[in-house]
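A.B. asks: Can you keep this structure in mind? I'll have questions shortly.
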C-alpha cells in the first residue's frame, strides 16, 4: 500500500527579527533597536532570485511589534507589501507574525492564501515561566485570534509547542480547544506539533523535548482533532529516519514548509525533498508537494488570490 505525506516547497522572508516579547526558549528574536531594518527593496531582491518552479510558498515570519507602538503601522505595511510583491512574482504568501487586530487580519486576508499563529499551550501557568516576559502569549489572546480567523474565513494553521513544562493533560486541553474552534468555523488546515529543540541563542536552560514522546502526542492529536485537520511535524526536528517513519505511522500527515533555513530553529537545517524521499519511498510513503492553502478553502479567498492559485497550478 502507498501512503502520502505532504509538504510545502517554501522560502521564509523575515521583515524584522526585533520583538517586544522575550520568550525564554527563543532562538529567533533580537532586541528592539539592535537590527538594521530590512527595506522592501532588500526583500524584493531576495524574492526575485527565487525559482517559481521549485518554490510555492512565501512564509512571512516576523518578530512582533507592540500593539501600541508607533512603529506598528509601518511594520504591518511592510508585511502587506511583502505579500503583494510575492503574489506579483508568482508565489503564494502565508503570514505568521503574532496576534493581530481584527482590522489587521482583515487587511492581510486580501494578500494571503492562508495565515497562522501558534497557540503553543492553553494553560496560563506558562505566563509565569517561559512566557513571563511575553505578553502576546496570553492564551485568551491567542484563542481570540483563532476565533477571528474563523469568522473572517481565513484558512489557518496553529499548533502546540512541546517541551516547555506541559503535562499530558495540558496537551489534551490545548488540542481540545483547537478542535472545538474548528468544529465551529471549519478553518483550521493543520496543527503543528513543534518539539522544543535547544538552540544556541536561547536564554534559558530548558532541555529539548524528549523525542520518544512525539508519537504518543501525535496519536493523542489524531484522536482529538477532527479528521479534516492535518497533523504537521517538522522533519528537521525529527532527524532519525526510523523515528520519522514512526511519527508518520502514528498519524502525522504533513511535514510543513521545507525551506533552506528554519528561521525559528536555525541550528537545525531542513532536509531536502530529495533526502526525505529517499527515506520515505522504501517504506511505502510518497512525499507530495502542496500549496499553502488546502483545496477545500479555495472558494473562501478573494478572486485575485483564487486566480493566483490557478496560475500557480498551471506553472
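The values are calculated or read from the model by the stated rules, or taken from the named source; none is laboratory data. Being a predicted model, the structure only gives us computed values, none of them experimental. Counting neighbours? That spans all protein chains shown, and the Cβs are built from the backbone with ideal geometry, glycine included.
A.B. asks: Any residue that is part of a loop (DSSP other than H, G, I, E, B) and crowded, with 16+ Cβ neighbours inside 10 Å - is there at least one of those in region 170-183?
C.D. replies: If we filter region 170-183 for residues that are part of a loop (DSSP other than H, G, I, E, B), which is where we start, we get none.
The answer is no; no qualifying residue exists.
A.B. asks: Another question about this same structure. Mind listing whichever residues of region 238-257 are at pLDDT 95 or above and in contact with a strand residue (DSSP E or B) (Cβ under 8 Å, 6 or more places away or on another chain)?
C.D. replies: 245, 248, 251, 252, 253, 254, 255, 256, 257, listed by residue number.
A.B. asks: Here is a follow-up. Quick one: in region 135-156, of everything that is in contact (Cβ under 8 Å) with a residue 60 or more places away in the chain, under 15 Å from residue 119 (Cα atoms) and surrounded by fewer than 21 Cβ atoms within 10 Å (Cβ to Cβ), which residue is nearest to the chain's Cα centre (by Cα)? First the steps, then the outcome.
C.D. replies: So in region 135-156, the residues in contact (Cβ under 8 Å) with a residue 60 or more places away in the chain come out as 135-137, 153-155.
With the extra rule that they be under 15 Å from residue 119 (Cα atoms), the set shrinks to 135-137.
Then keep just the ones that are surrounded by fewer than 21 Cβ atoms within 10 Å (Cβ to Cβ); that gives 135-136.
On the way: 135: 20, 136: 16 Å.
Of everything passing the filter in region 135-156, 136 is nearest to the chain's Cα centre (by Cα).
A.B. asks: If you scan region 47-94, which residues turn out to be surrounded by fewer than 16 Cβ atoms within 10 Å (Cβ to Cβ) and under 22 Å from residue 272 (Cα atoms)?
C.D. replies: 48, 49, 51, 52, 53, 54
A.B. asks: Could I ask something else about it? Tell me which residues, restricted to region 112-129, are buried (at least 23 other Cβ atoms within 10 Å of the Cβ) and more than 18 Å from residue 175 (Cβ to Cβ).
C.D. replies: Selection gives 112, 113, 114, 115.
A.B. asks: If you don't mind, another one. Quick test for you: out of 160, 152, 141, pick the one residue that is in contact with a helix residue (DSSP H, G or I) (Cβ under 7 Å, 6 or more places away or on another chain) and closer than 27 Å to residue 208 by Cα. Outline the logic, then answer.
C.D. replies: On the way: 152 fails: closer than 27 Å to residue 208 by Cα; 141 fails: in contact with a helix residue (DSSP H, G or I) (Cβ under 7 Å, 6 or more places away or on another chain).
Within the list 160, 152, 141, the selection yields 160.
A.B. asks: Among the candidates 276, 291, single out the residue that is surrounded by 13 or more Cβ atoms within 10 Å (Cβ to Cβ), touching a residue at least 24 places away in the same chain (Cβ under 8 Å), under 29 Å from residue 51 (Cβ atoms) and more than 19 Å from the chain's Cα centre (by Cα). Let's see the steps before the verdict.
C.D. replies: Details: 291 fails: more than 19 Å from the chain's Cα centre (by Cα).
Every option except 276 fails the conditions.
A.B. asks: Is it the case, given these coordinates, that residue 283 is buried (at least 17 other Cβ atoms within 10 Å of the Cβ) and in contact with a helix residue (DSSP H, G or I) (Cβ under 9 Å, 6 or more places away or on another chain)?
C.D. replies: On the way: buried (at least 17 other Cβ atoms within 10 Å of the Cβ): no; in contact with a helix residue (DSSP H, G or I) (Cβ under 9 Å, 6 or more places away or on another chain): yes.
No; evaluated as a whole, the condition is false for this residue.
A.B. asks: So which strands (runs of 3 or more DSSP E) are wholly in region 65-168 and hold at least 1 residues that are within 19 Å of residue 185 (Cα to Cα)?
C.D. replies: Values: elements: 92-96, 114-116, 156-162.
In region 65-168, the matching strands (runs of 3 or more DSSP E) lie at 114-116, 156-162.
A.B. asks: Just to be sure, is residue 266 within 28 Å of residue 16 (Cβ to Cβ) and at pLDDT 95 or above? Quick ask: steps written out before the conclusion?
C.D. replies: On the way: within 28 Å of residue 16 (Cβ to Cβ): yes; at pLDDT 95 or above: no.
Taking the combined requirement at face value, the residue does not satisfy it.
A.B. asks: Of the residues in region 95-111, how many are surrounded by fewer than 24 Cβ atoms within 10 Å (Cβ to Cβ) and touching a strand residue (DSSP E or B) at 6+ places or on another chain (Cβ under 7 Å)? Spell out how you get there, then give the answer.
C.D. replies: Quick first cut of region 95-111, residues surrounded by fewer than 24 Cβ atoms within 10 Å (Cβ to Cβ) only: 96-111.
Next cut, touching a strand residue (DSSP E or B) at 6+ places or on another chain (Cβ under 7 Å) only: 96-97, 108, 111.
Residues flagged as surrounded by fewer than 24 Cβ atoms within 10 Å (Cβ to Cβ) and touching a strand residue (DSSP E or B) at 6+ places or on another chain (Cβ under 7 Å) within region 95-111 amount to 4.
This table checks each residue for (1) closer than 28 Å to residue 289 by Cβ; (2) touching a strand residue (DSSP E or B) at 6+ places or on another chain (Cβ under 9 Å).
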{"site": "43", "(1), (2)": "yes, yes"}
{"site": "47", "(1), (2)": "yes, yes"}
{"site": "52", "(1), (2)": "yes, no"}
{"site": "62", "(1), (2)": "yes, yes"}
{"site": "66", "(1), (2)": "no, no"}
{"site": "76", "(1), (2)": "no, no"}
{"site": "82", "(1), (2)": "yes, yes"}
{"site": "86", "(1), (2)": "yes, yes"}
{"site": "89", "(1), (2)": "yes, yes"}
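A.B. asks: Let me ask you something else. Could you grab the pairs with beta carbons closer than 9 Å, sequence gap of 6+ or different chains, first residue in region 207-228 and without any contact (Cβ under 8 Å) to a residue 24 or more places away in the chain and at negative phi, second one in a helix (DSSP H, G or I) and crowded, with 17+ Cβ neighbours inside 10 Å?
C.D. replies: These pairs meet every condition: 223/175.
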